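First up is the structure itself, then whatever we jot down about it.
Every number here is computed from the coordinates shown, using simple stated rules; none is lab data. Every value quoted in this text rests on a predicted model; they were computed, and no experiment measured them. Backbone-built Cβ (ideal geometry, glycine too); neighbour counts: all protein chains shown.
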Amino acid sequence: MKSAVETLNPTRVRLTVEVPFEELKPSLDAAYKKINQQVQVPGFRKGKVPARVIDQRFGRGAVLEEAVNDALPKLYQSAVEEGELNVLGQPEVDITELKDNELLAFTAEVDVRPEIEMPDYSGIEVTVDAVGVTDEDVDQAVEQLRERFASTSPVERAAAEGDVVKLDLEARVDGEVLPDGVAEGIDYTIGSGELLEGIDDAVTGLEAGGSATFTSTLKGGSAAGQEAEVTVNVESVSARELPELDDDFAQLASQFDTMSELRDDSRKRLEQNKKYEQATEAQQKVLDELIGLVEVPVPEKLLADEINTRKHNLVNHQLGQMGMDLPTYLQLQDKSEEEFDAELREQAVKGIKTQFVLDELVSKEKLNVSQEELTEHLMRRAQSSGMSPDQFAQAIVEGGQVPMLVGEVARGKALALVVEAVTVKDSNGEVVELEDDEEETAGAGDAESAGQAAEASADADAGPEPAGDADAKAGDKGDA
């Protein structure tokens, strides 16, 4: 076999492959054997039909097509390895010549990972918010804990802000009750803002058994974005009673004996959260600066696939679960479709560039992923997905996504390496020393989002579609 590589642009090449016919013999033998098992010819036992009879009865062309289907993926993969190419996605294959007993020739155009020259990034400097926890922050945290231990008791008076009311709701659009516009027995805290706009004014002042009608723009369901007439009936009114903030409360709500100890613990937790937020802000800003320093060409087909994947996930999964379509979503976001498409493209470009740059760092720095690191990352992903670790691991293995998960961890380590090498200051001008676990956790999280581009090209390194058999896939899947 002879192969040659022509560079069409920094992210796309054309392979030209010529195969002497004798190299197709294993595939021709396999083709005759396969056809033999599928056909019945009078006078011959099944599987024992001679090759010349198959040629006469079914045509030599059918045999050649089957042989090419079998050989093409392996020939393509050999040409990729010979050319030392890092391919992305499925190639576009064109059989240019097929001469029986002489020659098979074909071309394959495919996207390739661009060569990236990494700059000296040690001079990067970013500024992040300073970590500071005020007494007011602690007060708010303690008050939120206090709210969780509030009790309610029925009252015979008009509902007021802070009360819990049990409600029945009915929404109408153009005088018709919506199929998903009826709800009964909803507990709602007046002033929480958790339901429809206008409901607080409607129920304030009503006693049990009272009702009111108001108009509100629906944010979800079959009529999302439309103005509805909503009738609300109050079944009961209950007053919320908050516990006193004393040592008894500390013992009830925590493992501490005093409110002083509880407040100290709340302050420590808030500081930890703010440090994590600071680390996340740092790695995101460092990543933005790094990408800005590197020239990264983006393959157009990969970009188109990524945009389509993101749009599909939004429309069919996120919005679909909310009972909302894209036009309604755009209306609520006050965006035109052109603005939405432009934002989607910008996000996709950034995701792909991020992956390419971090992958280059992984290769350059020879970063490896240990079993322990992979397990820790799997546990985090399982928790965020709402699945048990065992369920998540099984889904990952069955879906062939272990390499994707390894890539996420490696990219997180690469990003942590960069953050460690650059200068991070807070808004007070002080140099921030990020702890290792904060850097790695923030980095892993970003790698997960950056890895979205990899999922969009899950068939990277896959072989071509065999001629005449659109269902057969050639080649092994690899990392994007």
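Below, the figures for the structure above:
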quantity	calculated
Three-way shape label, region 311-375, alpha-carbon gyration tensor, a/c 1.5	oblate
Farthest positive-ward along the chain dipole, Cα basis, beta-carbon charges - from Val68, Leu270, Ala202	Val68
Relative contact order (%) - region 2-112, alpha-carbon pairs under 8 angstrom, separation at least six	37
Cα-centre dipole for region 2-112 with unit charges at Cβ (Lys and Arg positive, Asp and Glu negative), debye to 20	940
Selection from Leu28, Met118, Gln144 lying farthest towards where the dipole of the chain points positive, charges on Cβ	Leu28
Computed FRET value (nearest 0.05) for Ile186 with Gln226, which takes r as the C-beta separation and R₀ as 30 Å	0.90
Cut-off 20 Å, label 7 Å out along Cα→Cβ of Thr213, residues of region 158-172 by amide N	167-172
The chain, relative contact order in percent, only Cα pairs under 8 angstrom and at least six apart counted	19
Per-pair calculated FRET efficiency, R0 = 45 Å: Leu252 and Leu330 via Cβ, rounded to 0.05	0.40
Sorted by Cβ density within 10 Å, fewest first, the residues Met118, Met324	Met118, Met324
Glu376 paired with Leu293, simple spin-label distance in nm, labels 7 Å along Cα-to-beta-carbon	2.6
Shape call, region 351-443: gyration tensor on alpha carbons, a/c limit 1.5	prolate
Gained length - Ser427 relative to Ser153, 0.36 nm times residue gap less alpha-carbon distance	93.9 nm
Length added when fully stretched, Lys274-Glu339, from 0.36 nm per residue minus Cα-Cα	20.1 nm
Two-site FRET efficiency, Glu22 against Lys48, from Cβ-Cβ distance with R₀ of 25 Å, rounded to 0.05	0.50
When each of Lys74/Lys311; Lys311/Lys366; Lys285/Lys413 is checked by Cα-Cα distance, pairs over 25 Å	Lys74/Lys311; Lys311/Lys366
Point-charge dipole on Cβ atoms (K/R +1, D/E -1) for region 151-241, about Cα centre, debye to 20	100
Check: region 249-408 dipole with +1 on Lys, Arg Cβ and -1 on Asp, Glu Cβ, in debye	280
Positive-pole candidate from Asn316, Ile352, Gly386, dipole of region 271-406, charges at beta carbon	Gly386
